[in-house]
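Inspection log for the structure reproduced underneath, given as structure tokens.
What follows draws every value from the coordinates through simple rules; no lab data is involved. Since the model is a prediction, treat every value here as computed from it, not as a measurement. Note: ideal-geometry Cβ built from the backbone for every residue, glycine included; neighbour counts use all protein chains shown.
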2 protein chains.
Amino acid sequence: MPPMNRNSPALSSDSASVQDYVKAIYASTEWRDQPVTSSQLAVRLGVANSSVSGMVRKLVDLGLAVHEPYSAIELTAEGHRLALAMVRRHRLLETFLVQELGYAWDEVHDEAELLEHTVSDTFIERLANKLGHPERDPHGDPIPAADGTVDVPEANQLGRLDPGHTGHIIRISDANPDLLRFLSAERISLDSRVEVMGHRPFGGPLVVRIGSAEHLRELDLGDEAAAALWVANDTPHENCLLRT
Amino acid sequence: MPPMNRNSPALSSDSASVQDYVKAIYASTEWRDQPVTSSQLAVRLGVANSSVSGMVRKLVDLGLAVHEPYSAIELTAEGHRLALAMVRRHRLLETFLVQELGYAWDEVHDEAELLEHTVSDTFIERLANKLGHPERDPHGDPIPAADGTVDVPEANQLGRLDPGHTGHIIRISDANPDLLRFLSAERISLDSRVEVMGHRPFGGPLVVRIGSAEHLRELDLGDEAAAALWVANDTPHENCLLRT
DNA sequence: TCCCTTTTTTCGGCATACCTAAATTTACGA
DNA sequence: TCGTAAATTTAGGTATGCCGAAAAAAGGGA
């Protein structure tokens, strides 16, 4: 049974699975450039390693990925295009769910994950139009343009910055809905200002001063929160402050 | 691979196929009460007869349909509930596509057909809310309420009315997009007034006077158009005018 | 260098929904 | 009543994507 997308030049070669695999491969290189291994994909997609082997062979046959047996998996130009098309779909849908249907931050991911395979190109472009062609989604992830161009801002995970660094939050990973709810409750959002203070003794939580442009308050953040918040430099030349 | 609906009590038992079959069975009884046969289902769903036999067995196993071999297929109460839930989804989605995304009449059916299997109950209820809980879709089909109640208006196909009958159009079948475009071009829409004049000689087209409350103009309609337009009586007691 | 652990691939199987072709049952006219 | 044509079901087979188990390759420590 192939109920798949009609009307989708960029998405011509696909079952939902192909799309998911390509997107997962792309995701592991979007914010830091690490080629992905078979087992990492299996974890991310929640399937067995053997399933990944099988599907990766198919991706290679379709010309979407390159893969030497027993080594990392990478996308072809074609695969990269497909991944960006899917990411565009996903992020426009998330934006729609939040702006038009009143979804909360932490609710949109799963819904968009399903819808992105189903809607037509026409739907997506009309939606983009209605939303005014937004450039980032509710989590701060950049939305690729219809022509496949993306601008991924320079940013680092908060937890990887040294004390003294200042910046503002431009991305919040949506991997963990609980964390998103916590951040909501603490009124931490995109564009919040943040200053890194340092760790509490004995490897304790990271202390930051965080809030709106006017009101910064001190807050302790656990490792997961520190990893989920991505910060753009206020002082882009002081990269020396970045812990490597 | 079962990527199906989470979060859907009324829709718990389903692949997309089950939903489609149940909806198709329901559809054949919505406007006139005719139980559907195996081969009719096959035509409607675009599959082979043998596929219908197989899936109907499954529907029976799931408690969604009743079926004596070699006879007509009917829904159980449970199947009827599922069908109404799917119809609600479909019609709300069509309404959304037209009202919010600027789709034309004739474009919405296929898109809704895919989306209805994918969106969550949460999505549907928030959408209903945003749309103001509409009672009919862009084609005039009634939208079942969330609790499963529907009000299917009394109506007859225009082609089945005798000369002299007057009424207004409350439903336009969306089965043929070309026909919808024709009707659009002729500015025939929901709530248009119509008077049946009669057939041109030798079984020619049906002549009607049709238009808005003020301006009626004469128009010839072919059999397909006359079958697609459903008319509510202005004079509900004169059923004698209905050709049987 | 060798071995043992970890990673990855291969192999056989399951489930779904579809198809074609071959039975079977029904229904209607002679 | 019979017999054939039409409708329907069964039987056997395809494709997809998943799994677990077993085989194969890679990699690091002694």
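Structure above, values below:
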item	result
Where only alpha carbons of the range B:15-65 are counted, the Rg and the Dmax (Å)	10.2, 27
222 nm mean residue ellipticity, helices alone, for chain B (DSSP H n ≥ 4; -39,500 (n - 2.57); rounded to 500)	-11500 deg cm²/dmol
Values of log10 I(q)/I(0), in the order q = 0.14, 0.18 Å⁻¹, for the range A:64-103 under a Debye, Cα-only, solvent-free model	-0.47, -0.59
Relative compactness, the range A:1-157, computed as alpha-carbon Rg over 2.2 N^0.38 Å	1.03
Chain B, relative contact order [Cα under 8 Å, separation at least 6], %	16 percent
Distances in nm from B:His199 to the matching label points in the other copies, shortest first (labels 7 Å along Cα to Cβ)	8.9
Average beta carbon contacts from partner chains per residue of A:146-153, 10 Å cutoff	0
For the axis carrying chain A to chain B: nearest C-beta residue of A, whole Å	A:Thr118, 2
Dipole magnitude of chain B, debye to nearest 20 (Cβ charges: Lys/Arg +1, Asp/Glu -1, about Cα centre)	220 debye
Across the identical copies, how the A:Glu214 labels are spaced - nm, sorted shortest first, 7 Å along Cα→Cβ	5.5
Alpha-carbon Rg/Rh ratio, for the range A:91-223, with Rh computed the Kirkwood way	1.03
Dimensions in Å of the protein assembly as shown - Rg and Dmax from alpha carbons	27.9, 98
Gaussian network model of chain A, springs between alpha carbon atoms under 10 Å - residue of A:Pro144, A:Pro153, A:Pro69 with greatest fluctuation	A:Pro69
Semi-axis lengths (Å, descending) of the ellipsoid that matches the C-alpha gyration tensor of the range B:129-189	24, 17, 10
Estimated dipole of the protein assembly as shown in Debye, rounded to 20 [Cβ of Lys and Arg +1, of Asp and Glu -1, Cα centre]	420 debye
Label point distance in nm, A:Ala145-A:Ala72, each placed 7 Å from Cα along Cα→Cβ	2.9 nm
Sequence-separation-based contact order of the range A:7-131, relative, with Cα cut under 8 Å and 6+ spacing, percent	26 percent
With at most 10 other Cβ atoms within 10 Å, longest stretch of chain A clear of loop chymotrypsin sites (Phe, Trp or Tyr not before Pro) (DSSP)	A:71-201
Shortest-first nm distances, A:Asn176 label point to equivalent points in other copies (7 Å, Cα→Cβ)	5.9
Stokes-Einstein translational diffusion, the range B:87-152 - Kirkwood Rh over all Cα pairs, 1.306 mPa s, 10 °C, in µm²/s	136 µm²/s
Estimated dipole of the range B:1-140 in Debye, rounded to 20 [Cβ of Lys and Arg +1, of Asp and Glu -1, Cα centre]	260 debye
Residue among A:Ala42, A:His139, A:Leu62 farthest towards the positive dipole end of chain A, charges placed on Cβ	A:Leu62
Extended-chain gain in nm, criterion 0.36 nm per residue less alpha-carbon gap, B:His168 and B:Asn49	39.0 nm
Loop-resident sites, the range B:15-68, for trypsin sites (Lys or Arg not before Pro), counting at most 16 other Cβ within 10 Å (DSSP)	B:Arg32
Euclidean distance of C-alpha centroids, the range A:122-197 and the range B:93-156, integer Å	33 Å
